[in-house]
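Here the structure comes first, spelled out in structure tokens, and everything after it is commentary.
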Amino acid sequence: MRYELMLPHQIRKAIAENWPVALPLGVLEYHGEHMAVGMDTLAVIKTLELFEKERDVVILPPFYYGAASYAVAPPEGSGSVQVGGNALAPFAEELFYSLLRIGFRNIHAIIHHQTENFAAGMPTDLAFKTAGRQAIFRFLEKQRGEGWWGSEAMADYYSGHAAGENFFNWVQVHPLMPAAMNGKYPFDHAGIGETSLMLALCPEAVDAAHFADNTGWYTASAKDASAELGEEGVAMIMDHLRAILRG
Ligand SMILES: [Zn+2]
């Protein structure tokens, strides 16, 4: 369900049943002359909308204003919007803290932008990862008081941890395309891989009439994109979402 359309009794049900709460996290960034600037975020939104047809999930309003960077193109006339990670982290901490206050314990931000080396991290996902950790510590200290971890009530912490219980799983950040997709689907920026995803998920974000206007090396393969290839990527992404978004 889209969070902004939920009634309080539906929110209470989602909390009681531990529905995953998914934040589409992304950027607005130049993606060549043929594709919309929202591509990275739209890919997350559209696959979550498909996921919602299968499973109970809360989809938060998307956050588009991540750190696009100007690595691909300067912003003038290109459309890239850059908000640095240092500015994102305080916002994200407040957002996650608020979601914890509401009662959610199964929160997932999902990002596609700059996730080819996700384990090491990039500014947007690192800011949101840090924010998730900060929010959880802050929430636990407020809820349980200082010394909560050292209290007798936590004596079974490590055995519980081994069994899969972990406060720090309350807020997680995931790449849209997991490392397991490496070599199975092209990871690129505005090339055949991303363009095909958009043709499959959101064709109005691609205009084939503008392929010929592209001059960047990274868009050279875009003209070979197809909805059929995109569907293959979408199928892999859906398997990944089924694995990470569990009640
Ligand atoms: Zn992209």
Selection count where residues are exposed (fewer than 13 other Cβ atoms within 10 Å of the Cβ) and either touching a Gly at 6+ places or on another chain (Cβ under 9 Å) or charged (D, E, K, R) (or both), scope the range 174-194: 1
Filter the range 38-83 down to the residues that are outside any loop (DSSP other than H, G, I, E, B) and among the polar types (S, T, N, Q), then identify the one that is nearest to Gly247 (Cα to Cα). Thr47
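Matching residues to (1) in contact with a Ser or Thr (Cβ under 8 Å, 6 or more places away or on another chain); (2) surrounded by 13 or more Cβ atoms within 10 Å (Cβ to Cβ); (3) in a loop (DSSP other than H, G, I, E, B):
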site: Ala135; (1), (2), (3): no, yes, no
site: Gln143; (1), (2), (3): no, no, no
site: Trp149; (1), (2), (3): no, yes, yes
site: Gln172; (1), (2), (3): no, yes, no
site: Ser196; (1), (2), (3): yes, yes, no
site: Tyr218; (1), (2), (3): no, yes, no
site: Leu229; (1), (2), (3): yes, yes, no
site: Leu241; (1), (2), (3): yes, yes, no
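Residues of the range 185-196 being more than 16 Å from Tyr30 (Cα to Cα) and near the ligand (Cβ under 9 Å from one of its atoms), which ones? Outline the logic, then answer.
Narrowing the range 185-196 to residues more than 16 Å from Tyr30 (Cα to Cα): 185-187, 196.
The answer is none; no residue qualifies.
Out of Leu126, Leu140, which single residue is touching a residue at least 24 places away in the same chain (Cβ under 8 Å), more than 16 Å from the ligand (Cβ to nearest atom) and under 23 Å from the mean Cα position of the chain (by Cα)? Can you show your working first?
Working: Leu140 fails: under 23 Å from the mean Cα position of the chain (by Cα).
It is Leu126.
Please find, within the range 13-47, the residue that is nearest to Phe187 (Cα to Cα) out of those that are more than 10 Å from the ligand (Cβ to nearest atom) and touching a Gly at 6+ places or on another chain (Cβ under 8 Å). Spell out the reasoning first.
Taking the range 13-47 as the starting set, the residues that turn out to be more than 10 Å from the ligand (Cβ to nearest atom) are 13-25, 28, 33-34, 36, 44-47.
Narrowing the set further to residues that are touching a Gly at 6+ places or on another chain (Cβ under 8 Å) leaves 15, 17-20, 25, 28, 44.
Numbers: Ile15: 35, Glu17: 35, Asn18: 32, Trp19: 30, Pro20: 26, Leu25: 18, Leu28: 18, Val44: 15 Å.
The residue in question is Val44.
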If you take the residues in the range 38-74 that are touching a helix residue (DSSP H, G or I) at 6+ places or on another chain (Cβ under 9 Å) and polar (S, T, N, Q), which one is surrounded by the most Cβ atoms within 10 Å (Cβ to Cβ)? Thr47
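No value in this document is a laboratory result; all are computed from the given coordinates. Since we're looking at a predicted model, the values are computed, not measured. Cβ: placed from backbone, ideal geometry, glycine included. Neighbour counts: every protein chain shown.
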